[in-house]
Every structure is written in structure tokens, then in C-alpha cells.
Amino acid sequence: GAGVSQTPSNKVTEKGKYVELRCDPISGHTALYWYRQSLGQGPEFLIYFQGTGAADDSGLPNDRFFAVRPEGSVSTLKIQRTERGDSAVYLCASSQGLAGEETQYFGPGTRLLVL
Amino acid sequence: GESVGLHLPTLSVQEGDNSIINCAYSNSASDYFIWYKQESGKGPQFIIDIRSNMDKRQGQRVTVLLNKTVKHLSLQIAATQPGDSAVYFCAENMGADKLIFGTGTRLQVFP
């Protein structure tokens, strides 16, 4: 595909459950970013990968949140013991990851609802 | 469906008029700025960007102005169309790293 894709598009889960959210970046993009967007607000940074490694995870709210990118392409955001406050849209973006080519292109997001 | 920006500032314009959306950014060290458009139920869509060594950049029907002295960014949309209706966010970047998004503005275009 030409753009960033995310699956599932919607996820409803119960408090305390574990969820995984997937992101497929634009082919060839080395940098991948996860953001969280609550209703009425702008996206907030969670974590940034350059290749396989997490270059900056300062936005992860606590240790229930974890993300991986084992082969430097697809990334999975994992949330353990979900809480109602985790309900939000989780956005993924990718960029070429080069100086002068920092434009981040976003996917459609995964809407997570924790009941 | 999902409504992005329930309590955001709103700009209402008539179709065909020009729109100006403003944004204040926070970090004087930021060197790259981007405007995104977000329609309900979708992810942010890149519109235009500008680097800190410029004060103006033009695209198709859009112009971004950067005033580093007062840390202000604006997006001008010429001949606004109904399809321009969305929430607009400015974002700042201090390198190939995280974006910091400003408070969005909802643009409503009336026929």
C-alpha cells in the first residue's frame, strides 16, 4: 500500500485485558512513531523507532505500555492490564528518518475503547 | 462517529473566502514546523511544512507564515472550499524525532 496502515481500526476490550495494535509503515521508511490522541486534543507522542531500536520512549505513560519493531518495518504497540483511561485513538506515523526528510505521514489510527 | 476536537476553537468561513488559522508554538529551538489537517475518523494529513530559516512558504492554495520572534505560525487557505472543513493542527519538531502538536482549530466552511 502507498500509506501507513493500522490494524485493527477499532478495538473494544475490557478493563484488565491485554491488547496489541499493529502498524505497517510506508515502505522504505526507517523511522516509525506512535502517538495517542484523546478526544478534543492533538496527538501526543509515545515512542519513536529508528530501524529496530526505540530511539525515544519518553512518551510512554507507564510500564503497561510497550512497543516493538523486530525487523525494522512493522511495529506493534502492546498495552497490558488496560484501564478505562487508555481509551483513545492510537496513531502511527512513519518518515524517511533522514535530516531534511522528517515529514511524518500518519495512518488512520486504531480506536481503542476500554470498558 | 468520532468527533475530533469537540471543544476546540472554531473558525467559520463562507465558501470562497480566505481562511487564516493561527498557532503559537512553545520551543524557540524548534527548527521544523508542519500543518496537518484531520477529518473526523481519520489520521492527520500533511498539508505543508516550513523550516526555521524561512518565514513564508506557499503551496497549492495554502501559505504558511512563520514569525520566530513571537513564536507564531499561521496557515492561510485561499478560496476555502467545503472539503477544507476539518480540524487543523500545527506541530513543531526539534529534529527527526517527536512532533509536539498545538491546540487544534476546527474550520467550518459554509456554502
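Overview of results
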{"quantity": "Candidates A:Glu20, A:Glu102, A:Glu83, ranked by Gaussian network fluctuation over chain A, Cα under 10 Å, top entry", "calculated": "A:Glu102"}
{"quantity": "5 angstrom amide H check on B:Gln108, placed H, neighbours 5+ away", "calculated": "B:Leu11, B:Ser12, B:Val13"}
{"quantity": "Per-residue ³J(HN,Hα) for the range A:10-21, Karplus 6.51 cos²θ - 1.76 cosθ + 1.60, θ = phi - 60°, Hz, x for Gly and Pro", "calculated": "9, 9, 10, 9, 9, 3, x, 7, 9, 10, 10, 10"}
{"quantity": "Residue-count net charge about B:Leu73 - beta-carbon cut-off 15 Å; Lys, Arg +1, Asp, Glu -1", "calculated": "+2"}
{"quantity": "Spatial separation of Cα centroids for the range B:14-45 and the range A:1-48, in angstrom", "calculated": "21 Å"}
{"quantity": "A:Gly42 long-range amide H proximity, modeled H, under 5 Å", "calculated": "B:Gly104"}
{"quantity": "Under-5 Å amide H pairs with B:Ile48, H placed in peptide plane, nonlocal only", "calculated": "B:Trp35"}
{"quantity": "Relative contact order, percent, chain B [alpha-carbon distance under 8 Å, six or more residues apart]", "calculated": "37 percent"}
{"quantity": "Estimated vicinal HN-Hα couplings, Hz - the range A:55-65 in sequence order (Karplus 6.51, -1.76, 1.60; Gly, Pro = x)", "calculated": "7, 7, 10, 5, x, 5, x, 6, 6, 6, 9"}
{"quantity": "Scattering curve values for chain A, log₁₀ I(q)/I(0), Debye with Cα scatterers, q = 0.13, 0.14, 0.16 Å⁻¹", "calculated": "-0.44, -0.51, -0.67"}
{"quantity": "Globularity index of chain B, i.e. its alpha-carbon radius of gyration over 2.2 N^0.38 Å", "calculated": "1.03"}
{"quantity": "Positive dipole terminus of the range A:5-104, leading residue within A:Gly16, A:Gly72, A:Ala54 (C-beta point charges)", "calculated": "A:Gly16"}
{"quantity": "Compactness of the protein assembly as shown as Cα Rg over 2.2 N^0.38 Å, two decimals", "calculated": "1.01"}
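Bear in mind that the values in this text are calculations on the coordinates, not laboratory data. The structure displayed is predicted, hence computed values, not measured ones. Cβ atoms come from the backbone with ideal geometry, glycine included; neighbour counts cover every protein chain shown.
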